[in-house]
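Below is one structure; the comments refer to it alone.
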Amino acid sequence: MMLKGATALVAGATGEVGRGAAYALSQAGAFVFLTGRSEEKLKAIQDTLPNKQDSHVISVDYSTTEGAKAFAEKVAALGKKFDVVVSASGPWWPINQIAQQGDIDMLYNAVQANFTTQLFLFKILAPMCKPDGHYLMVNGAAAVDILGTGLTGVTANACLGAAKLMNDECSKSSALPKYTHVLLSSSVGHAQFRGGNTHDPNKYGKVFVAMALDKHASAKDSSGTLMLDDTMYEKLVAML
């Protein structure tokens, strides 16, 4: 097992990407912490893991300040240092206009779920990673096509800006992990995770095993961003 003895945490483990990552990391031998809002859904995902006995569920809504603080306390109580964190929290928001669609609550919730949550998770989890570990923040490539992806693209673009700061901080600190901002192309996001996860999540989640093993280092740009398109996906998985 390639990650035997490693400790992983997947934030947003009930989503398509999170499920695939959790499955593959478990298959590779890591002890996997599954986190998200719904304990019921998390336990259902846990039941599918190849090594269920080497996993633990932490349910909390870390999109709020109260929830984030509670999550920080729960994670600190574990007394663990993580080898890899996959932060894949954030749903798709079907809004292409700000003034004429949705309402104030939807705008607020979108920013909280897709952007603020990523800030909270980095603040809490990056210092709890091993210095030679990996922090992988995952967004869709909606960040590069705001007019075609609406509010989801706006929040993803905000994450793109935050990622530059996160990467800079990690690269300058010997106490923080290696940072990667993973941008999923639409083809990978839909075909590999949303469609494929139903049949074989391990097949597609393996790309995160490759990243945990640092196979992607030379493919990142200067800001720590990795565009995960079909070609890059196949290249990384082939390295395992």
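Annotations
- Each peptide in 218-224, 177-183 was scored by the mean count of other Cβ atoms within 10 Å over its residues; highest first, the order is 177-183, 218-224.
- When you count the other C-beta atoms within 10 angstrom of each residue and take the mean per peptide, 204-212, 96-104 line up highest first as 204-212, 96-104.
- Among residues other than GLY36 with Cβ under 13 Å from its Cβ, the summed charge is +1 (Lys and Arg +1, Asp and Glu -1).
- Note on TRP92 and MET239: the model spin-label points, each 7 Å out from Cα along the C-beta direction, lie 2.9 nm apart.
- Prolate/oblate/rounded label for the chain (Cα gyration tensor, a/c 1.5): rounded
- Extended-chain gain in nm, criterion 0.36 nm per residue less alpha-carbon gap, ALA217 and LEU165: 16.9 nm
- Dipole magnitude of the chain, debye to nearest 20 (Cβ charges: Lys/Arg +1, Asp/Glu -1, about Cα centre): 600
- Placing +1 on the Cβ of every Lys and Arg and -1 on the Cβ of every Asp and Glu, with nothing else charged, gives the range 1-102 a dipole about its Cα centre of roughly 200 debye.
- Net charge of neighbours whose Cβ lies under 11 Å from the Cβ of LYS235, counting Lys and Arg as +1 and Asp and Glu as -1: -2
- Estimated [θ] at 222 nm from DSSP helical runs (n ≥ 4, -39500 (n - 2.57)) normalised by residues in the chain, nearest 500: -12500 deg cm²/dmol
- Working ranking of peptides 46-53, 227-234 by packing, defined as the average number of other Cβ atoms within 10 Å per residue, highest first, is 227-234, 46-53.
- Solvent-accessible area per residue, Å², over the chain with all protein chains present [probe radius 1.4 Å]: 46
- Mean separation of Cα pairs under 8 Å and 6 or more residues apart, divided by the residue count, gives the chain a relative contact order of 21 percent.
The values are calculated or read from the model by the stated rules, or taken from the named source; none is laboratory data. Since we're looking at a predicted model, the values are computed, not measured. Methodologically, a virtual Cβ is constructed for each residue, glycine included, from the backbone with ideal geometry; neighbour enumeration extends over all protein chains shown. What goes into the accessible areas is simple: the full protein's heavy atoms, side chains included, and nothing from ligands, DNA or RNA. Shrake-Rupley method; radii C 1.70, N 1.55, O 1.52, S 1.80 Å.
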